[in-house]
Amino acid sequence: MAHIQAIRGTKDILFPEINLWNMIERTSYETLENANYNEIRIPIFENSNLYTRSLGQVSDVVQKEMYTFKDKGQREVTLRPEGTAGVARAFIEHKLYQKSLPQRFWYCGPMFRYERPQAGRQRQFHQLGLECIGSRDPRVEVEIIALALSILNQLQIPNLTLEINSLGSDSVRTRYKQALFTYLESYISSFDTEVQDRLKKNPLRLLDSKDAKIQDILQNAPSIVDCLDNESETHFNSVCKFLDSLSIKYSINPSLVRGLDYYNDTTFEIKSDVLGAQDTICGGGRYDTLIQSLGGPDVPAAGWAMGMERLLLAMPKIHKINNRTLDCYMIMLGEKAEAYSLIILQELRGLGLKVDISLSHSSLPKQIKKANQLQAITCIIIGEKEIQKEVLILKWLDKREQETIALSQISLISDKVKSYKKNSKQVIPMKETLE
């Protein structure tokens, strides 16, 4: 009988690669919690109209990529393709706008899009994101950009660049769409049916096209920066000024529109050239009208998201992390020793050590070999003689040394192992963990 395999576009995350995921999550948690962002956990599936209303009917996500189905109650639901809409829905549903604003949230978890699987892009993928809801102050965009760069720098992501743009207000975008459509209309016969349809529904979506011919045509297209009204221009200039004050380097990219329809004014992407053509590692911006469009009050907001799989690809090939190896591997020789085993096991685990126990009755050399395979730091060996003397043998595997410790002083093992780990951090080759 054929064995069942994981569905295409999904991936099991195993040890020791999971340590790298944990490191990203710990780094993000510490950075964002210190900035007073609170974790939020939203459902993995939502009513489908949450995404069609927020992301835009003509966006690629809605038209091609969403996992949508009817449940047994005939309700149309969708596996979440991104996190912002769900956070906005929770903000409205729980009336968080009645609390002190702004409200700051961060999240981390799986998202789902039906795309062609490739390196760093799965159909079930994982995003780390944040949302700052309740302020139009331009310092918000600069704060969240600085937080993203802080996380990426702590993870040693190389060759980072920041691109920013302003999409202006709704009225600005309406005028610019018309100007862009008028410019592109003369080329419409050279576009395929799909591009023609996109041009008619939302010409802004052509700005981030990867088609070289379209990009050539856009070289002389009007720029949205030239269409900004005074309010949007002042806001964007303030963002640039605050970025300058933090010495954050950036470039203005007038073609940067992002793929979702809810953005206005500031948009940005952080890129790393180690990812090749698909070089965006973090993207976000301001979405001042999303909350109101979903039935909430008129509350501005901004946020970003970064793909964790792409983070892993961009991390250095050799990355130093504290690989949580096995602290102690217990080997019991004889029935009397086995009777003591669970008591000692529980005591050591209660002291904060990672401990496993041999359930094998094979020879001592074979059990020590198993301890080495498990990357144990120490072996605890107890036999008949040790029980009589009320001691145990603590064997240091890498140093090939051993010492005797009284059963009444088991806490010494914790002290010794923790001191050893503090003075020696292991290096995990990324290429071994990600293949």
Interchain or sequence-distant (5+) residues whose placed amide H lies within less than 5 Å of the amide H of Cys282 are Ile270
Could you pull the Cα extents of region 109-187 along its three principal axes, largest to smallest, in whole Å? 45, 38, 28
Per residue, accessible area of region 1-100 with a 1.4 Å probe, heavy atoms of protein chains only, in Å², comes to 62
Relative contact order for the chain: what is it in percent, counting Cα pairs under 8 Å that are at least 6 residues apart? 16
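Remind me, what semi-axes does region 13-110 give for its equivalent ellipsoid, largest first in whole Å, using sqrt of 5 times each Cα gyration tensor eigenvalue? If you can, show how the numbers build up before the last one.
Numbers: eigenvalues 143, 89, 29 Å².
Equivalent ellipsoid semi-axes, largest first: 27, 21, 12 Å.
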Which FRET efficiency, nearest 0.05, do Ser419 and Glu33 yield, Cβ-Cβ r, R0 35 Å? 0.75
Would you please state the base-10 log of I(q)/I(0) at q = 0.07, 0.08, 0.12 1/Å for the chain, with intensities from the Debye formula using one equal scatterer on every alpha carbon? -0.48, -0.59, -1.03
With each label point set 7 Å from Cα along the Cα-Cβ vector, what nm distance links Gln219 and Leu359? 6.9
May I ask you to derive the FRET efficiency for Lys201 and Asn159 from their Cβ-Cβ distance with R0 = 41 Å, giving the value to the nearest 0.05? 0.70
Apply the a/c threshold of 1.5 to the C-alpha gyration tensor of region 243-379 and tell me whether it is rounded, prolate or oblate. prolate
List the trypsin sites (Lys or Arg not before Pro) within region 139-228 that fall in a DSSP loop (any state other than H, G, I, E or B) and whose Cβ has at most 11 other Cβ atoms within 10 Å. Lys210
In deg cm²/dmol and to the nearest 500, what is the mean residue ellipticity at 222 nm of the chain if only DSSP H runs of at least 4 residues count, each as -39500 (n - 2.57), divided by the residue total? -11000 deg cm²/dmol
Sites Asn49 and Glu194 - FRET efficiency at Förster radius 30 Å, r taken between beta-carbons, to 0.05: 0.75
What number does region 61-202 give for Rg over Rh if you use C-alpha atoms and the Kirkwood radius? 1.01
Counting other Cβ atoms within 10 Å, keep those with at most 15, restrict to DSSP loop, and tell me which chymotrypsin sites (Phe, Trp or Tyr not before Pro) in region 91-138 are left. Tyr114
Thinking of region 310-426 as a set of Cα atoms, what percent of all their pairs are more than 19 Å apart? 47
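Within region 1-109, which trypsin sites (Lys or Arg not before Pro) sit in a loop by DSSP and count at most 11 neighbouring Cβ atoms inside 10 Å? Each step should come with its number before you reach the end.
Details: sites: Arg8, Lys11, Arg26, Arg41, Arg53, Lys64, Lys70, Lys72, Arg75, Arg89, Lys95, Lys99, Arg104; in loops: Arg8, Lys11, Arg41, Lys72, Arg75, Lys95, Lys99.
Hits after loop and neighbour filter: Arg8, Arg41, Lys72, Arg75, Lys95, Lys99.
Go through Ser245, Ser358, Ser150 and list them by solvent-accessible area, largest first, probe radius 1.4 Å.
On the way: Ser245 85, Ser358 15, Ser150 45 Å².
So, going from the largest accessible area down, we get Ser245, Ser150, Ser358.
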Extension reserve of the Arg41-Thr280 stretch, reckoned as 0.36 nm per residue once the Cα distance is removed: 83.6 nm
Calculate the spin-label point distance for Ile343 paired with His94, positioning each point 7 Å from the Cα along the beta-carbon direction, and give it in nanometres. 4.7
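The values are calculated or read from the model by the stated rules, or taken from the named source; none is laboratory data. Bear in mind the structure is a predicted one, so any value in this text is a computation, not a measurement. No Cβ is skipped: glycine too gets one built from the backbone with ideal geometry, and neighbour counts run over all protein chains shown. Areas reflect the complete protein model, heavy atoms only, side chains present, ligands, DNA and RNA absent. Shrake-Rupley method; radii C 1.70, N 1.55, O 1.52, S 1.80 Å.
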